[in-house]
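Here the structure is laid out as structure tokens; the discussion comes afterwards.
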Amino acid sequence: MNELDVFNKLNEIAAPQFSLIFGDDSEQAIQIAEHKAWLQSIRHEHPNTAFPYKIGVYIRYFNQTKYENYLSYHKKQFEDTIAMCPRWTLVDFYVDEGQIAPNMENAPGWSRLIDDAMNGKVDLIITQKVSNVTRSTFDITLLSRLLAAQNPPIGIYFISEDIYTLASYYQSDLRDTQMFPDGWTPLPDNDEEARKYIAERRCLSD
């Protein structure tokens, strides 16, 4: 199995065809395009297909497609792709309905997923795009930091943006101590130490 095949396959999974929040020429669309171009210029990191992840797939569902039972079709696409990684375990699908993401705390499927992650049932979240979860950059950044501080660290992979929150080049964004409650430990400042820190905590959890 080629690791690239897995993520190419994930990228082929059709997103629900609902009305887009942002047009192709919007500021966010331009930023995403620029970010993808930057990722092409560096050694890009994805979740390790050889690591035994416990995966929670989050879907925001609003059916305006040619498929009569789109949700079942969408789930099957994820199941087939995750099955390409023998060490990955699909824990559950977490589904919220709606055209536009509400506040995260008002989305029961997302709230259940975060609860399962915080309780050690899920250590990798996969979802189609950031706007499935929230329209607030602050909210998703804070959540990514809190998940990365868990033991073991929990990552989110956003398919459309091709963003993996535990990639080494995002680690400087996960070190803002002012964002953490008392007693939480941010990642070390040094990139090499941060990589070792995550690797060691993952080894301890195996």
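Tabulated results
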quantity: Search result, residues across the stretch 141-159 that are of a type in the set (Gly, Ala, Ser) and either surrounded by fewer than 18 Cβ atoms within 10 Å (Cβ to Cβ) or outside any strand (DSSP E or B) (or both); calculated: SER144, ALA148, ALA149
quantity: Candidates ILE163, ILE126, ILE140, filtered to the one that is modelled with pLDDT of 90 or more and not hydroxyl-bearing (Ser, Thr, Tyr); calculated: ILE126
quantity: Search result, residues across the stretch 81-99 that are open to solvent by less than 10 Å² (accessible area, probe 1.4 Å) and part of a loop (DSSP other than H, G, I, E, B); calculated: CYS85
quantity: Matching residues in the stretch 74-117 - criterion: being touching a residue at least 60 places away in the same chain (Cβ under 8 Å) and aliphatic (A, V, I, L, M); calculated: MET84, ILE100, ALA117
quantity: Members of the stretch 118-137 that are more than 12 Å from the chain's Cα centre (by Cα), in contact (Cβ under 8 Å) with a residue 60 or more places away in the chain and either more than 23 Å from GLN77 (Cα to Cα) or crowded, with 19+ Cβ neighbours inside 10 Å (or both); calculated: ARG135
quantity: Candidate set: the stretch 100-116, residues that are at pLDDT 80 or above and surrounded by fewer than 21 Cβ atoms within 10 Å (Cβ to Cβ); chosen: the one farthest from LYS75 (Cα to Cα); calculated: ASN106
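The values are calculated or read from the model by the stated rules, or taken from the named source; none is laboratory data. What you are looking at is a predicted structure, and each value in this text was computed from that prediction instead of being measured. Note: ideal-geometry Cβ built from the backbone for every residue, glycine included; neighbour counts use all protein chains shown. SASA here: full protein model, heavy atoms, side chains in, ligands and nucleic acids out. Shrake-Rupley method; radii C 1.70, N 1.55, O 1.52, S 1.80 Å.
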